[in-house]
Amino acid sequence: RNSNRGTFSSTFAAFHAHRPLLPSELRHLHEHRYAVVPGWLTDAADIGALRADSLAVAAHGSLCGVGRSGARRVDEGIRRSRQCTIIRPPPSNSAGCVDTRACLVRAVHSLRAELQGAEQLRVGQPRSGRAALPHLAPHETELLYLNYPIGGHYRRHLDQPYGDAGWQRCGRAASDGGSLSGARTRRAVSFVIYLNKGWDAADGGALRLFPAHERLYGSQVSVGHVADVLPEGGTLVLMMSGDVEHAVAETVAERQAVVGWFRECGSGRVPDLDATSLRTLRMLGCEATSGSCRAMAAALD
């Protein structure tokens, strides 16, 4: 049983205190591929409960890595922070407040629905690099707490992998025979919700945003950015994951946030390297299929 369950639940029972996005903020997201939404969380108690929960579950987290899935590594010269996943999988229910996290998940799902229904994001302008918002898969959302210690930072990066247009294939790798379904997903919209009230510019930790579609991964260049966002509690930042590179300046105070990604799904099969798989057999002609079956039967005998 969660011994801390009752600690925050009365404070957080009515966690619906987030304001709707303004038409001007949605237009900015479409045109500039990012938007800063001050005061998205409107209740200081909600922000405090989230921050308390992020600290309570910190021991169940891990150091943040860099690199593509399957080849991630810890490199504190590039990134120094800790994370604790909420979706997927959740932290242990023995720490923090399950009710707090459940309310957060509902608020994030509400945000996804609001973006999906926004008229400002429905029409693409490919020539200007303003793609329409794709369908955001409701069950593919990533959500976690992100804690920066004193001295924490993250060099310039993009939230989508740079190869294969950001797509990540589901199922087996090609070297293991390929995915039977051919399904793939990629991050479409990144979001950050800051949890530190009264943050001072002298504390560092600003989120630096660079012009959409500009690619200077890992650069230490400090000119040409379009915004520096202080991590003030309650602020929401939205970014198109494949368009806006960003960085986190070194922190002089501990910094907590909720971060996440809404993902889109696609399909695109890769060659199946397993000659005995069902998909390979379906792709063969009848004669070849029967021959393969006879060969498999002989091998089993």
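Read-outs throughout are calculated quantities, based only on the coordinates presented, and are distinct from any laboratory measurement. The structure displayed is predicted, hence computed values, not measured ones. Methodologically, a virtual Cβ is constructed for each residue, glycine included, from the backbone with ideal geometry; neighbour enumeration extends over all protein chains shown.
Backbone geometry of region 73-87 corresponds, through the Karplus equation with coefficients 6.51, -1.76 and 1.60 at θ = phi - 60°, to 3J(HN,Hα) couplings of 9, 8, 9, 6, x, 9, 8, 10, 5, 10, 10, 9, 6, 9, 10 Hz, x marking Gly and Pro.
Charged side chains reduced to their Cβ positions (Lys and Arg at +1, Asp and Glu at -1) give region 9-125 a dipole of some 500 debye around its Cα centre. Neighbours of Leu195 by Cβ distance under 11 Å: Lys/Arg scored +1, Asp/Glu scored -1, total -1. For the pair Asp164 and Arg106, the difference between a 0.36 nm per residue extended length and the Cα-Cα distance amounts to 17.7 nm.
Remark: region 23-38, residue by residue, has Karplus-estimated 3J(HN,Hα) of x, 5, 5, 5, 5, 5, 4, 5, 7, 10, 6, 8, 8, 10, 10, x Hz, where x stands for each Gly or Pro and the curve is 6.51 cos²θ - 1.76 cosθ + 1.60 at θ = phi - 60°.
As a rough guide to protection, the peptides 125-138, 247-260 ranked by mean Cβ packing within 10 Å, highest first, stand as 247-260, 125-138. Comparing region 80-174 with the 2.2 N^0.38 Å rule of thumb, its C-alpha radius of gyration ratio is 1.37 (two decimals). Length available on full extension from Ser92 to Ala44: 0.36 nm per residue minus the Cα-Cα distance, which gives 14.7 nm.
A full extension of the chain between Arg127 and Arg27 corresponds to an added length of 34.3 nm, given 0.36 nm per residue minus the alpha carbon distance. If you bin all the Cα-Cα distances of region 116-157 at 10 Å, starting from zero, the percentages per bin are 19, 27, 30, 21, 2.
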